[in-house]
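Reviewing the structure listed below.
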Amino acid sequence: MKVFDFLRAYIGSICAIFASLCSIVSLILMFVGNQTAGLIALTVLCLGFAILICGILRGINKVILDNSDEDYRRISSFCIFQSHDGVKSTFESFRMIQCKRLFLTHIPYKFKWTGSILPKLSSTSQTIEDIVHYDDERKWDEAKIKFQHPLKYNESTVIHIKTENDDPDHKAQPWISCRLDSPIDMMTFRVLLSYKNSAFNQPAILEYKELDAQIDGDYKPLETVPFDKGNKMYSYCCANPIHGRIYRLRWEK
């Protein structure tokens with residue numbers, strides 16, 4: 001019954017138009033030869049199947065669009081920053097997402113490195129394309145993450161982005177951040193600073209600002225994150241963080 005209701009709602013008008021077309025074609029067939037009539041009938045039949053399939057796909061896509069405003073659902077985000085000398089570093093982001101469109105070939109990625117040397121972007125799972133860097137510090141840099149194969153509706157995958165950074169003039173700021181423009185189940189930060197001496201024990205600050213604020217806008221502190229002296233790292237994990245914010249973990253350089 002639900003299938004019938006779906007077909008009536010989304011392709012009923014298409015079928016009515018096609019039926020009218022068939023009526024007109026049937027009149028034309030009365031005045032042509034048998035061979036030509038057969039060819040015309042076969043063409044109309046193939047056209048009818050094509051229209052029917054397009055109508056069904058259009059209906060399915062309409063239902064999917066009505067079901068979600070987003071191209072994909074964010075499930076979790078895991079960010080790792082690592083530096084052995086305080087100059088060269090890597091930042092890796094692992095994000096699990098679920099497709100909310102009929103199919104999805106790529107997604108946008110926004111980032112900002114505060115150092116003077118542009119970072120090198122790569123991925124072990126996807127292709128990074130169309131990287132754009134802006135001189136304006138208040139504007140996010142952009143890139144496109146292209147999947148190896150299109151994601152189907154409700155299919156999940158892990159997005160991996162890695163940046164290799166160089167900061168010889170020590171201009172880069174000591175923080176990592178995560179933009180949450182939609183709900184997410186889990187957010188994790190991990191910062192490994194093996195160059196810190198054994199006496200270092202300063203906590204990091206977890207802070208946030210609203211998503212529509214400027215990149216360098218004022219952040220509000222949430223809590224402190226202790227430094228793990230044994231492993232020389234900060235680690236923070238939060239379930240169901242409030243979305244519509246940019247979260248940032250900031251430490252002493």
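The values are calculated or read from the model by the stated rules, or taken from the named source; none is laboratory data. The structure presented is a predicted model; accordingly, all values stated were derived computationally and were not measured. For neighbour counting, all protein chains shown are included, and Cβ atoms are generated from backbone atoms with ideal geometry for every residue, glycine included. Ligands, DNA and RNA are stripped out before the accessible areas are found, and what is left, the full protein with its side chains, is counted by its heavy atoms. Shrake-Rupley method; radii C 1.70, N 1.55, O 1.52, S 1.80 Å.
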D181 fails exactly one of the following numbered conditions: (1) within 22 Å of W113 (Cβ to Cβ); (2) open to solvent by 60 Å² or more (accessible area, probe 1.4 Å); (3) over 22 Å from the mean Cα position of the chain (by Cα). What is the number of that condition? (3)
Contact list, first residue from the range 111-124 and within 16 Å of H170 (Cβ to Cβ) and hydrophobic (A, V, I, L, M, F, W, C), second anywhere and in a loop (DSSP other than H, G, I, E, B) and open to solvent by less than 50 Å² (accessible area, probe 1.4 Å), beta-carbon distance below 6 Å, six or more apart or interchain, is W113/P119
Out of the range 90-119, which residues are among the aliphatic types (A, V, I, L, M) and either over 23 Å from H133 (Cα atoms) or open to solvent by 40 Å² or more (accessible area, probe 1.4 Å) (or both)? M96, I97, L102, L104, I117, L118
I'd like the full set of residues that are at pLDDT below 95 and of a type in the set (S, T, N, Q), limited to the range 164-193. Q173, S177, S182
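Quick grid of which residues meet (1) of a type in the set (S, T, N, Q); (2) over 20 Å from Y109 (Cβ atoms):
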{"position": "S177", "(1), (2)": "yes, no"}
{"position": "S182", "(1), (2)": "yes, no"}
{"position": "N201", "(1), (2)": "yes, yes"}
{"position": "V225", "(1), (2)": "no, yes"}
Out of all the residues in the range 73-86, which are touching a strand residue (DSSP E or B) at 6+ places or on another chain (Cβ under 7 Å) and modelled with pLDDT of 90 or more? R74, I75, S76, S77, F78, C79, I80, F81, Q82, S83
Return a yes/no flag: does the range 147-166 have any residue that is open to solvent by less than 30 Å² (accessible area, probe 1.4 Å) and not in a strand (DSSP E or B). no
Going by the structure shown, is Q98 of a type in the set (S, T, N, Q) and free of Cβ contacts under 8 Å to residues at least 40 places away in the same chain? no
Answer yes or no: is there a residue in the range 156-167 that is farther than 25 Å from A204 by Cβ and not hydrophobic (A, V, I, L, M, F, W, C). yes
When every residue in the range 69-89 that is closer than 19 Å to L102 by Cα and assigned to a strand (DSSP E or B) is compared, the one most open to solvent (accessible area, probe 1.4 Å) is R73
